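The values are calculated or read from the model by the stated rules, or taken from the named source; none is laboratory data. Owing to the predicted nature of the structure, the values given are computational and were not obtained by experimental measurement. Counting neighbours? That spans all protein chains shown, and the Cβs are built from the backbone with ideal geometry, glycine included. Remember, those area values only see protein heavy atoms, side chains included, never the ligands or the DNA or RNA. Shrake-Rupley method; radii C 1.70, N 1.55, O 1.52, S 1.80 Å.
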Amino acid sequence: MSNITVHCHIDRQYLVDTYYALQGCLDDNFTQKLDDSIADNMRNFTFTFDNEKIVQLNNDKNEVSTFYYSDLYQIHEAKTGLFFFSNKIIFEFVRYDLFQPDELERLKDYLAPYLSKNQESKIAMINYQFDCQRVYAFICHQFRNSRKRMFILSTILLFLSLLLFPKNPTLSVLIFILPILLLTLFLANFKKQSKKQVLTLNERFGSMTCIFYNDHLTFSYIKKVGVSNINYAEFYKIEKTSKGYVFFIQESSGYYFFYNEFSLEQQQALEEKLKHYSNYSQK
């Protein structure tokens with residue numbers, strides 16, 4: 001079988017293409033810093049593929065590395081290219097547009113027997129941004145019982161005031177409104193807290209790509225190269241609310257995902273997995 005050879009130059013745009021293919025997005029400032037950190041002798045590569053291996057030639061250093069498909073941790077097909085993972089973290093990315101159409105088709109035939117290795121089925125992928133709306137929804141969910149108690153208190157006070165002051169309905173109404181006014185102040189304070197939390201958050205952790213798998217959630221930070229995995233069973237609790245899902249890492253902190261970030265099919269698939277965990281509940 002004939003070999004397939006492509007040439008690859010690693011520049012800023014190539015890095016953007018790589019991380020968009022891997023994570024769905026990437027911060028511009030981080031991309032620039034990453035590009036600046038790459039040495040000049042690590043920019044130009046030639047990849048040669050046959051039916052069993054990849055030979056990578058560093059053209060700047062004249063160094064050769066060989067990777068057998070069977071030894072790789074994973075080969076992943078993305079929308080714009082192929083990822084060849086040596087392990088869960090280290091990978092090489094080769095864009096589809098580097099190939100001639102017939103070469104790409106032939107390469108995919110070579111790779112077909114290896115594409116199922118260590119592949120995990122994705123339920124959903126969300127570009128997660130810590131913003132005021134998300135934090136406010138999380139705080140409101142935390143204090144939902146306090147809001148209910150405040151309304152119940154208002155109702156009780158109304159009936160008591162009507163009994164105690166039957167000839168003064170205006171006073172009864174004022175007593176009924178007072179807890180509601182207090183609740184309004186609480187909600188306004190929640191919004192202030194939301195803004196404060198967003199402003200004080202370390203910017204490296206403000207944006208990430210969240211990928212839901214069958215048994216765990218993966219976080220890929222956009223401004224920081226690194227991935228963390230949390231099994232669903234390891235969360236403090238997971239709650240389905242009126243507006244979305246809350247994944248608590250502890251009693252007072254966690255991640256809020258709105259329903260509109262999922263398709264209906266993704267919601268159904270996710271809930272089918274979550275319902276088997278004792279820490280999952282519907283509120």
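Worth pointing out:
- Residues that are modelled with pLDDT of 95 or more and of a type in the set (Asp, Glu), drawn from the stretch 215-238: 234
- For residue 239: the one exception among (1) open to solvent by 50 Å² or more (accessible area, probe 1.4 Å); (2) over 17 Å from the mean Cα position of the chain (by Cα): (1)
- Residues being under 17 Å from residue 124 (Cβ atoms) and out of contact with any helix residue (DSSP H, G or I) (no Cβ under 6 Å at 6 or more places or on another chain) - total across the stretch 247-277: 21
- Sub-9 Å Cβ pairs linking a first residue in the stretch 56-70 that is over 16 Å from residue 4 (Cα atoms) to a second residue that is loosely packed, with under 15 Cβ neighbours inside 10 Å and charged (D, E, K, R), at least 6 apart or interchain, are 60/40; 70/52; 70/117, ordered by first then second residue.
- Any hit, the stretch 128-135, residues being among the acidic types (Asp, Glu), at pLDDT below 85 and surrounded by 13 or more Cβ atoms within 10 Å (Cβ to Cβ): yes
- Within the stretch 242-266, being closer than 16 Å to residue 283 by Cα, within 15 Å of the chain's Cα centre (by Cα) and either assigned to a helix (DSSP H, G or I) or acidic (Asp, Glu) (or both) holds for one residue alone: 259.
- Selection from the stretch 22-35 of residues that are among the aliphatic types (A, V, I, L, M) and at pLDDT 85 or above: 34
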